[in-house]
Structures are given as structure tokens and as C-alpha cells.
Amino acid sequence: MMTLSLPEFNFIRRLVLEQSAIVLEEDKGYLVESRLLPLAHREGFASLDLLVRRLQAEPFHGLHRQAVEALTTNETSFFRDFHPFEALKKFVLPDLIARRAAERELSIWCAASSSGQEPYSLAMLIRENFPQLASWKVGILATDLSTDVLARAREGRYSQLEVNRGLPASLLVKYFQKRGCDWYLRDDIRRMVDYQIVNLSSAWPFSPPTDIVMMRNVLIYFGVETKKEILAKVRRVLKPDGYFFLGAAETTFSIDDSFERVQFERATCYRVRKA
Ligand SMILES: C[S@@+](CC[C@H](N)C(=O)[O-])C[C@H]1O[C@@H](n2cnc3c(N)ncnc32)[C@H](O)[C@@H]1O
């Protein structure tokens with residue numbers, strides 16, 4: 001039984017679609033309620049429908065933003081799926097290091113980075129395996145729609161449960177310090193990553209040519225037209241010989257044929273097809 005009426009539920013679905021491109025299917029009533037109820041309580045509303053009525057009555061402001069953010073799924077982990085990081089270590093970074101030997105610059109964009117485990121996995125992978133890059137200009141930009149997850153990412157503080165997921169013990173002891181119950185990432189690794197709010201479904205506030213784009217586990221939330229628009233924009237920011245990573249359940253196949261699939265052992269990535 002939903003406490004929200006159908007028009008209230010549809011209002012939330014529309015708000016989330018307009019602000020983030022995330023499609024909430026008709027059967028997501030339970031998800032909407034369980035995610036918005038804590039926000040309603042935190043903001044002092046006696047019930048969920050009072051929160052929704054306030055959102056309906058007022059023009060877009062911070063409360064609407066918080067409601068949208070509460071409905072994003074921020075699930076992530078260190079070295080998620082393992083194989084893409086092996087491909088980066090064994091094939092992609094060695095190839096790019098050879099190609100960029102003259103300019104000694106590399107730019108990596110981690111779009112939809114959530115609370116930072118993905119960009120920090122990359123930063124640790126680079127620090128561990130490519131000491132020669134210490135004298136290069138290496139930019140890792142991590143972006144997300146959600147201000148809350150980016151604040152967490154910037155802090156570089158993770159719970160025991162979070163560091164237990166995917167982070168090898170050798171990297172935990174080398175790059176993290178335990179204070180109280182939490183683990184804090186070393187400053188030199190934290191400083192390798194810059195954070196910025198970017199809504200993938202709006203205009204992107206930058207367009208530097210990028211060597212590697214990681215956009216994993218976010219396109220799954222969007223409709224096909226939004227995926228097409230985003231992939232077209234990726235094509236514009238990715239260098240012609242750059243590499244593009246999606247999540248394990250995502251593909252460019254039958255959405256944008258200008259990408260071709262490249263397999264590195266058990267990892268798949270994409271490159272812009274040569275004309
Ligand atoms: C499931 S997490 C994926 C995190 C990480 N890339 C990974 O694969 O582990 C999805 C992230 O996408 C972000 N997101 C959802 N819609 C977005 C949008 N329109 N623009 C930018 N980020 C968005 C969410 O805030 C969330 O942090």
C-alpha cells in the first residue's frame with residue numbers, strides 16, 4: 001500500500017526525470033517512499049505526502065534537489081568488477097603512455113563517480129603501477145549529480161564495510177589510516193582527484209579532450225533518447241584514440257554505432273570507430 005497518491009507519485013517521477021533523466025518505472029512506488037521518508041523526517045514533515053505537497057507548491061529549490069538526490073542510486077565499490085581495472089593496468093594505460101610520451105599529459109574523466117571509490121581506485125592503480133607518471137600532468141576529474149556523494153568523496157573517509165568491498169588489504173594498509181571506526185585515504189592520493197558537479201543530462205560545463213572516460217553504471221537509469229544524447233557528447237569529449245568504459249550491464253550497441261567494442265581479456269571497453 002502506497003501512502004502517496006498516484007498524482008503525487010507521478011509528480012516525483014516527473015521531477016526526477018526532468019532534473020536527472022533518471023526513469024522511475026511505475027512499479028517504483030516502494031523505492032520512492034523508502035528513499036523520501038528519511039528526507040521528510042529530517043526536514044520536519046509529519047508525513048511523506050506533506051513533503052510532496054510542499055514540493056508541488058513551490059518552485060524548484062534546495063528541497064527539490066535533495067529529493068532528486070535521495071532517488072539516485074549511489075551503489076559503488078573499490079575496483080568494482082575488477083576486470084576493467086586489469087585492462088587499464090595491462091593495456092590501456094601502457095598504450096596511452098606510449099602515445100602521449102611527447103606531451104606527457106593524461107586526462108581521465110570519471111563521470112557519475114558516486115562517493116569516490118572508482119576515481120580513487122584509479123588513482124591508487126596509477127600510483128602503484130606507473131611511477132613514471134609522477135612527473136607527468138595527470139588529471140583525474142570525478143563528477144556526479146549529487147552534492148552529497150561528492151562531499152563524501154572529497155573527504156575520502158570510508159567505513160570498514162566500504163573498505164572490505166574490493167580494496168586489497170595491501171592497498172588498505174598502504175594508502176589509508178584508521179581513525180575511530182573509519183578509514184581515511186592519504187592526502188596525496190586524495191589530491192590526485194578533482195571533483196565537480198556535472199549533470200550528464202544537462203550541458204557539460206567543460207569539453208577538454210579526454211583520454212579515458214569511465215561512465216559506469218549510470219546509463220542504465222536513463223531512457224534510450226538520453227543515452228543517445230550522452231553517447232554523442234562522449235564522442236565529442238573523447239580523444240580519437242581514447243578509451244571509454246561502461247558498466248558491465250551497459251553497452252553502446254544499437255544506441256550509437258560510432259563506437260566499437262574492444263575486448264581486453266575479460267574486460268570490454270569502447271573506442272570511436274575510425275571513419
Ligand atoms: C550506481 S552509481 C555508479 C558509481 C560508479 N560509477 C560505479 O560504477 O561504481 C550511479 C551514480 O550516478 C549518479 N547519477 C545519476 N544520474 C545522474 C546524472 N543525470 N548526472 C550525473 N550523475 C548522475 C548518481 O548520483 C550515482 O552516484
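The values are calculated or read from the model by the stated rules, or taken from the named source; none is laboratory data. It should be emphasised that the depicted structure is a prediction, and the values quoted were computed from it without experimental measurement. Counting neighbours? That spans all protein chains shown, and the Cβs are built from the backbone with ideal geometry, glycine included. In case anyone asks, the SASA skips ligands and DNA or RNA and just uses the protein heavy atoms, side chains included. Shrake-Rupley method; radii C 1.70, N 1.55, O 1.52, S 1.80 Å.
For the reader, a short list of remarks on this structure follows.
- Region 91-144: relative contact order as a whole-number percent, Cα under 8 Å and 6+ apart: 49
- For the chain, carbon and sulfur atoms together expose 53% of the accessible surface, with a 1.4 angstrom probe and every protein chain in place.
- Each residue, LYS228 and ASP257, gets one label point 7 Å from its Cα in the Cβ direction; the gap between the two is 1.3 nm.
- Gain upon complete extension [ARG165, PHE91; 0.36 nm per residue less C-alpha separation]: 24.2 nm
- The antiparallel fraction among DSSP beta bridges confined to the chain stands at about 40%.
- Extending 7 Å from Cα along the Cβ direction at ARG271 and again at PHE11 yields two label points whose distance is 5.2 nm.
- Rh by Kirkwood over Cα pairs, then Stokes-Einstein D for the chain at 1.567 mPa s and 4 °C, µm²/s: 64
- Heavy atoms of GLU75 accessible to a 1.4 Å probe, total area in Å² rounded to 10: 100
- The relative contact order of region 158-274, computed from alpha carbon pairs under 8 Å that lie at least 6 residues apart in sequence, is 19 percent.
- Percentage relative contact order, the chain, counting C-alpha pairs under 8 Å, at least six apart: 18
- Karplus-derived 3J(HN,Hα), 6.51/-1.76/1.60, for each residue of region 171-186, Hz, glycine and proline x: 6, 4, 6, 7, 10, 10, 10, 8, 10, x, 8, 10, 10, 10, 6, 4
- Accessible surface calculations at 1.4 Å, restricted to protein heavy atoms, place region 1-98 at 52 Å² per residue.
- Exceedance of the 32 Å cut-off in Cα-Cα distance is limited, within the set LYS89/LYS178; LYS28/LYS239; LYS178/LYS227, to LYS28/LYS239; LYS178/LYS227.
- Dimensionless Rg/Rh of region 1-108 - Kirkwood Rh, Rg from C-alpha atoms: 1.24
- Hz values of 3J(HN,Hα) by residue in region 246-259 - Karplus curve (6.51, -1.76, 1.60), Gly and Pro given as x: 10, x, 4, 9, 10, 7, 8, 4, 6, 10, 8, 7, 7, 9
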